[in-house]
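Written below as structure tokens is the structure these notes are about.
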Amino acid sequence: MSDVSDVSDRPTTVVTVTPPPLPLRVWVSGRARTKGSLEVFGKRANGSAKLRESVAGSSDWRATMAEAVLRACGARFEPGGPVCGWEPLDEPVRVVLWVKLPRGRTRAQAAAPDQLRDGDLDKFQRNAGDALVDARVLADDSRIVEWWARKDWSETPETA
């Protein structure tokens, strides 16, 4: 497993995927968002439900993570979308996820990001797993057999 002790103090998400034989390490700067529940907000012409994420910014954060992973893997970005020269992994993988949340000025004394507004760690994992599938690193996030996940404070003031 990769050493993650050198993570900077800015708000970021570190995703390390460890399939044999390579570790892939990706740093994603920005304000991490949890995966929200899907909620129905209408119907399509064919009768199927229109769905959206219940957490503002969740879909955008997932897309940001997927793009960072694609860039780290060497994908080419063309007008029609990213072009990658690999097949998604369809084997057991281990994923390390370290989310650093901005503390903000009003949270100076809080020991850990463990309040409701800080988000559930498992929902950060769900969003990261989906981003790995979107980036075509994994065939399906069910192939993740081991997670090491953590959320900490960043020392950068909250801007989002």
Count of residues meeting criterion [of a type in the set (D, E, K, R), modelled with pLDDT of 75 or more and open to solvent by 90 Å² or more (accessible area, probe 1.4 Å)] in segment 3-59: 3
First in segment 124-137 and under 18 Å from residue 56 (Cβ atoms) and hydrophobic (A, V, I, L, M, F, W, C), second anywhere and open to solvent by 30 Å² or more (accessible area, probe 1.4 Å) and in a helix (DSSP H, G or I), Cβ under 7 Å, 6 or more apart: 131/62
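Filtering segment 67-90 down to residues that are out of contact with any strand residue (DSSP E or B) (no Cβ under 9 Å at 6 or more places or on another chain) and assigned to a loop (DSSP other than H, G, I, E, B), which residue is surrounded by the fewest Cβ atoms within 10 Å (Cβ to Cβ)?
My answer is 79.
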Qualifying position, being more than 16 Å from residue 24 (Cβ to Cβ), within 12 Å of the chain's Cα centre (by Cα) and in a helix (DSSP H, G or I), among 100, 123: 123
Verdict on residue 64 being surrounded by 16 or more Cβ atoms within 10 Å (Cβ to Cβ), assigned to a loop (DSSP other than H, G, I, E, B) and either in contact with an Asp or Glu (Cβ under 7 Å, 6 or more places away or on another chain) or modelled with pLDDT of 90 or more (or both): no
Any hit, segment 96-119, residues being open to solvent by 60 Å² or more (accessible area, probe 1.4 Å) and at pLDDT 85 or above: no
Residue 147 part of a loop (DSSP other than H, G, I, E, B) and either surrounded by 14 or more Cβ atoms within 10 Å (Cβ to Cβ) or more than 19 Å from the chain's Cα centre (by Cα) (or both): no
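The values are calculated or read from the model by the stated rules, or taken from the named source; none is laboratory data. None of these values were measured; they are calculated from a predicted model. Every residue, glycine as well, gets a Cβ built from its backbone with ideal geometry; the counts of neighbours run over all protein chains shown. These area figures cover heavy atoms from the full protein model, side chains too; ligands, DNA and RNA do not enter into them. Shrake-Rupley method; radii C 1.70, N 1.55, O 1.52, S 1.80 Å.
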